[in-house]
Amino acid sequence: MKFFLIIGAILLQISSLFALTANEKLKQCCEQLDDADKECVDKFCDFSAISQANILNYLSTCTERGPTVGQMWDCASTRKDHTKCCEAKGVTGKCLEYCSAQDGVPTNYMDYLFCVESFNEIRECFVEHLEKNDPWTPIPKKKKKN
């Protein structure tokens with residue numbers, strides 16, 4: 001019995017060496033986004049590349065490039081509800097709509113400009129969730145029949 005416990009502990013340590021970080025999981029998801037703008041993905045699909053200091057630059061650059069912003073948000077948020085985490089970090093009011101990500105990102109960004117100051121806290125909740133969970137998997141496009 002003791003032998004199996006030792007083997008189990010060793011396997012657990014080995015598997016943790018191969019575990020992906022939240023940022024690696026985010027990038028893995030973004031690599032699967034067929035319809036997202038490649039330049040936006042290359043530049044911004046990184047938790048350290050998006051912060052409250054540059055979120056407006058990201059939105060002004062990528063909003064008009066197809067479904068890019070929504071798809072990248074899905075990858076970052078894993079389309080899970082992060083409301084409890086956000087509340088614990090001090091996010092309040094209308095900004096909690098960004099935390100409640102199961103329905104995707106709110107698209108009327110101008111209504112939420114005041115939420116920029118809460119962006120880092122929202123991002124931290126996404127990172128903390130991805131550290132412990134699998135990345136979101138985009139739904140593959142159906143191939144057209146010839």
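At a glance:
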read-out: Members of the range 98-141 that are among the acidic types (Asp, Glu) and either more than 27 Å from Thr21 (Cβ to Cβ) or touching a residue at least 60 places away in the same chain (Cβ under 8 Å) (or both); value: Asp111, Glu117, Glu128, Glu131, Asp134
read-out: Among residues of the range 59-97, those that are of a type in the set (D, E, K, R), free of Cβ contacts under 8 Å to residues at least 24 places away in the same chain and either in contact with a Cys (Cβ under 7 Å, 6 or more places away or on another chain) or under 17 Å from Glu121 (Cβ atoms) (or both), counted; value: 5
read-out: Criterion (at positive phi and either of a type in the set (Gly, Ala, Ser) or touching a strand residue (DSSP E or B) at 6+ places or on another chain (Cβ under 8 Å) (or both)) met by exactly one of Gly70, Gly66; value: Gly66
read-out: Filtered residues of the range 74-104 (kept if surrounded by 14 or more Cβ atoms within 10 Å (Cβ to Cβ), under 16 Å from the mean Cα position of the chain (by Cα) and of a type in the set (D, E, K, R)); value: Asp74, Arg79, Lys80, Asp81, Glu97
read-out: In the range 30-58, residue nearest to Phe114 (Cα to Cα) [restricted to those that are without any contact (Cβ under 8 Å) to a residue 60 or more places away in the chain and crowded, with 18+ Cβ neighbours inside 10 Å]; value: Tyr58
read-out: Some residue of the range 113-125 being at negative phi, of a type outside the set (A, V, I, L, M) and loosely packed, with under 13 Cβ neighbours inside 10 Å; value: yes
read-out: Test result for Gly93, over 20 Å from Asn133 (Cα atoms) and touching a Phe, Trp or Tyr at 6+ places or on another chain (Cβ under 9 Å); value: yes
read-out: Single match in Ser60, Ser48 (criterion: hydroxyl-bearing (Ser, Thr, Tyr) and either outside any loop (DSSP other than H, G, I, E, B) or more than 14 Å from the chain's Cα centre (by Cα) (or both)); value: Ser60
read-out: Residue ranges of helices (runs of 4 or more DSSP H) in the range 68-146 with at least 1 members under 22 Å from Lys38 (Cα atoms) and modelled with pLDDT of 95 or more; value: 68-77, 119-132
read-out: Checking Lys25 against (1) crowded, with 20+ Cβ neighbours inside 10 Å; (2) out of contact with any Leu (no Cβ under 7 Å at 6 or more places or on another chain), the condition it does not meet; value: (2)
read-out: From the options Phe114, Phe126, Phe119, residue that is of a type in the set (A, V, I, L, M, F, W, C) and under 12 Å from the mean Cα position of the chain (by Cα); value: Phe126
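The values are calculated or read from the model by the stated rules, or taken from the named source; none is laboratory data. Given the structure is predicted, the values throughout are model-derived calculations rather than measurements. With ideal geometry, Cβ positions are generated from the backbone for all residues, glycine too; neighbour counts draw on all protein chains shown.
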